[in-house]
Every structure is written in C-alpha cells, then in structure tokens.
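S.K.: One structure follows; several queries about it will come next.
The values are calculated or read from the model by the stated rules, or taken from the named source; none is laboratory data. For clarity, every value in this text was computed on a predicted model and none was experimentally measured. No Cβ is skipped: glycine too gets one built from the backbone with ideal geometry, and neighbour counts run over all protein chains shown. The protein model used for the area step is the full one, side chains on, heavy atoms only, and it has no ligands, DNA or RNA in it. Shrake-Rupley method; radii C 1.70, N 1.55, O 1.52, S 1.80 Å.
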Amino acid sequence: QAKQAGRNGYHLFDPEQDRKVHAHQEALNRIAQAIENYEFCLYYQPKVNMREGRVIGAEALVRWQDPQRGLVSPGEFLPLIEEHPLSVSLGEWILEEAIRQLHIWRQQGLQLTISINIAGRHLQQRGFCEHLARLLKCYPDVCPQQVELEIVETSALADIQYVSDVIDQCRKLGVTFALDDFGTGYSSLTYLKRLPADVLKIDQSFVRDMLKDPEDMAIIEGVIGLSRTFGRQVIAEGVESMEHGQHLIRLGCELGQGYGIAKPMPAQELPTWIANYAPEQGWLQPLNS
Ligand code: C2E
Ligand code: MG
Ligand code: MG
Ligand code: MG
C-alpha cells in the first residue's frame, strides 16, 4: 500500500512543495505580526449618485503599510488568509476601524454611509452579529443605517441558509447588505434569491468593457433589470470614465464608484474631496437614447 502511494508520489519528499509550505507559513506569521503592530489602514473610495452629482458614501478598502515594502494592496495578502482564522482577526479590526472613522467624521459634521467588505469566514464566525451590535453601542452617534456590509459570493459562503440568517439578524440592527462583484460567481442568481441583500454591485469586469463588448452591456442591463424585479438597489463599480457613467445612467444605474470619479484615498483626504466634488456638467446629462 505504502509502495503504491509512493509510486503515485504521495509520500515522497518534494523540496518544491516543502519550500511553498514554509513560504506560506512565513507569510502568515508576518500578517499576524502586522495585525498586532497596527500596520493595516483603510483607504476610502467615494460612491456617488452620478446623475445628481452627489456623494452618497464611501467604501473602506484595506491596505498594508509594510515598513519594508510600503503600501501593499489587499490582492496580495487577503487570498493568503482567506481560509485562515487570521481573516477573522483582520476583519474585526477593519470593522471597528471603519465604525470608529464614521464616528470621527460624524463629530466633524460629515454624514456618510460606509461600505465595509466582509470576508465569508468572518461573516460566518459565531457571534458576528452580536459583535457588530456591541461595536455600534460603543459609538452611539453612528447610525446602523450608515453601515453597509459588502459580501462576495465565494466557496467560503457555503452554508447559504446560515448566512441568510446572519444577514437577517444584522439587518434588524439597521445595517444594510450589498452583494459585491455581482454576476461573477457560479450561483449569483441563487444568492440573489436566497440572500436578503439590499444592493447589487455590478462587477467592474463587466463595466470596464461595456462600451466595446455588447455581451458585457447585456449583462449589465440584465443585472439592472434583476435589481428592479427583486426590489434591490444597484450600483456599478469600476466606472473609469464619464462615458461609462453616462451609459450607466441611461441604462438606469445612477449609483457608481470608480477611478473616473475618484481613486481610494486616505481617510484624512475624504472630507476635502467631498467638499470640492463638483462633477463636470457632462456627467449629469445622460446620453440621448
Ligand atoms: P472590491 O470590494 O470589489 O473593491 C473594488 C476594488 O476595485 C478595489 O481594489 C478598488 O481600488 C478597485 N477599483 C475601484 N475603482 C476602480 C476602477 O475604476 N478601475 C479599476 N481597475 N479598479 C477599481 P482593492 O482596494 O485593491 O481591493 C481589491 C479587493 O480586495 C476588493 O474588491 C475586496 O474584495 C478585497 N478587499 C479590499 N478591502 C477589503 C477589506 O477591508 N475586507 C475584505 N474582506 N476584503 C477587502
Ligand atoms: Mg467591495
Ligand atoms: Mg467588487
Ligand atoms: Mg472585487
């Protein structure tokens, strides 16, 4: 039996595999250290009503300020901890930091909605909703209605009934939910039907190519149609130009977020950006159809 396993390569020492396991463990150790050292920070990207030219909120996006490497984007470290309890530790810090920031802005007289990305593992952590409720109690001037949680359809959200119950429970507190990267998962329509989310967030991959790819345009029209049928709000991410914005408005999607409006920025810069936000007139005039 052992011989057979050996022949199939299972029990053989593989230096390449060994090196990978060590590198992964090393990376996890560094991330754990970084959480303890408060090396993470949140950037904020404005979300606007493109038709009215009005800021409606901002999305919190985590960054790692690594003393050695500088600013590291989430795509480089979140996938490493997706299946690991560290994603819960980091998620708890992110949630608290974003709500604390809302409180600071509130004190400065700025009323905003903040969207916070929640990892599947974090959302399914026992006591997630109670933890959120406690946090909101700590900052009584922050309204739960100012907090929106973005979730992505992943294998991490395996237990859809459990997740749906957590969402219901959290919505009773007043927070809202968005289905992020909508349309990219394997079972988006099942999620749409079974998860009580308030908002569908059209994935940026469809928005990016919508002007040159009729199929992407059709998907966007489809998502907007679904949002109407199911009584959900719809927002587009990855709005890289005014032309994208105008087409989206024409199709009936007025809410947008993307580099064409603003890039993610440090918290201190957001109030000034909002005060100076005055979109060019073109944004506000949808194309004639
Ligand atoms: P996401 O939640 O879909 O966030 C949108 C990503 O697209 C952000 O990348 C944002 O900077 C980028 N983006 C915004 N506008 C444009 C645009 O016009 N063009 C292009 N090409 N990109 C645009 P970022 O910050 O690197 O985040 C990547 C992903 O990492 C996020 O995708 C989200 O899934 C995850 N993530 C980021 N922050 C957090 C967090 O605090 N918690 C969790 N659980 N996940 C996070
Ligand atoms: Mg998001
Ligand atoms: Mg997204
Ligand atoms: Mg994404």
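S.K.: Suppose every K and R has +1 on its Cβ and every D and E has -1 on its Cβ; what is the size of the dipole of the stretch 165-285 about the Cα centre, in Debye to the nearest 20?
M.R.: The calculated dipole for the stretch 165-285 is roughly 420 debye.
S.K.: Mean residue ellipticity at 222 nm from the helices of the chain, using -39,500 (n - 2.57) per DSSP H segment of n ≥ 4 over the full residue count, to the nearest 500 deg cm²/dmol?
M.R.: For the chain, the value works out to -13500 deg cm²/dmol.
S.K.: Could you list the residues of the stretch 176-211 with an amide nitrogen less than 15 Å from a label point located 7 Å from the Cα of ARG228 in the Cα-to-C-beta direction?
M.R.: Inside the label zone: nothing.
S.K.: Which value, in debye to the nearest 20, gives the size of the charge dipole of the chain about its Cα centre, when Lys and Arg are +1 and Asp and Glu are -1 at the Cβ? Write out the running numbers ahead of the final one.
M.R.: Working: 27 positive and 38 negative charges, 96 e Å.
Once rounded to the nearest 20, the dipole reads 460 debye.
S.K.: I'd like the carbon and sulfur percentage of the solvent accessible area for the chain, probe radius 1.4 Å, heavy atoms only, ligands and nucleic acids excluded.
M.R.: Ligands and nucleic acids excluded, carbon and sulfur give 49 percent.
S.K.: Give the calculated FRET efficiency between GLU243 and PHE13 to the nearest 0.05, with a Förster radius of 41 Å applied to their Cβ-Cβ distance.
M.R.: Efficiency, rounded to the nearest 0.05: 0.15.
S.K.: Percent antiparallel among DSSP beta bridges with both residues in the chain, to the nearest 5?
M.R.: On the way: 17 of 40 bridges.
Within the chain, antiparallel bridges account for around 45 percent of the total.
S.K.: Once the other residues with Cβ under 9 Å from the Cβ of THR176 are scored (Lys, Arg +1; Asp, Glu -1), what is the net sum?
M.R.: Taking every Cβ under 9 Å from that of THR176, the sum is -1.
S.K.: Could you work out how much longer the chain between ALA218 and TYR186 gets when fully extended? Use 0.36 nm per residue separation minus the Cα distance between them, nm to one decimal.
M.R.: 9.7 nm
S.K.: Roughly how many debye, to the nearest 20, is the charge dipole of the stretch 58-179 about its Cα centre, given +1 on each Lys and Arg Cβ, -1 on each Asp and Glu Cβ, and no other charges?
M.R.: In debye, rounded to 20, the stretch 58-179 gives about 400.
S.K.: Along the stretch 226-231, what does the Karplus equation 6.51 cos²θ - 1.76 cosθ + 1.60 (θ = phi - 60°) give for ³J(HN,Hα), rounded to whole Hz, x for Gly and Pro?
M.R.: 4, 4, 5, 4, 8, x
S.K.: Amide H neighbours of LYS47 under 5 Å, counting only residues 5+ apart in sequence or on other chains, H built in-plane at 1.01 Å?
M.R.: The answer is ILE56, GLY57, ALA58, GLU59.
S.K.: So what J values fall out for the stretch 218-224 if you push phi through Karplus, 6.51 cos²θ - 1.76 cosθ + 1.60 with θ = phi - 60°, rounded to Hz, Gly and Pro as x?
M.R.: Result, rounded to whole Hz: 5, 4, 4, 4, x, 5, 4.
S.K.: Please list, in chain and number order, the residues 5+ apart from PHE40 or on another chain whose amide H is under 5 Å from its amide H, with Hs placed from the backbone.
M.R.: The list, which skips near neighbours in sequence, is GLN65.
S.K.: Return the whole-Å distance between the Cα centroid of the stretch 52-97 and the Cα centroid of the stretch 117-169.
M.R.: 16
S.K.: Got a sec to turn the phi values of the stretch 126-140 into Karplus ³J(HN,Hα) couplings, 6.51 cos²θ - 1.76 cosθ + 1.60 with θ = phi - 60°, whole Hz, x for Gly and Pro?
M.R.: 3, x, 4, 5, 4, 4, 4, 4, 4, 4, 5, 5, 5, 10, x
S.K.: Now a separate question. Placing +1 on the Cβ of each Lys and Arg and -1 on the Cβ of each Asp and Glu in the stretch 1-151, which of LEU123, ILE99, LEU61 has its Cα farthest towards the positive end of the resulting dipole?
M.R.: After comparing all options, I get LEU123.
S.K.: With unit charges on the beta carbons (Lys and Arg positive, Asp and Glu negative) and the dipole taken about the Cα centre of the stretch 129-208, which residue among ALA158, PRO140, LEU179 sits farthest to the positive side?
M.R.: PRO140
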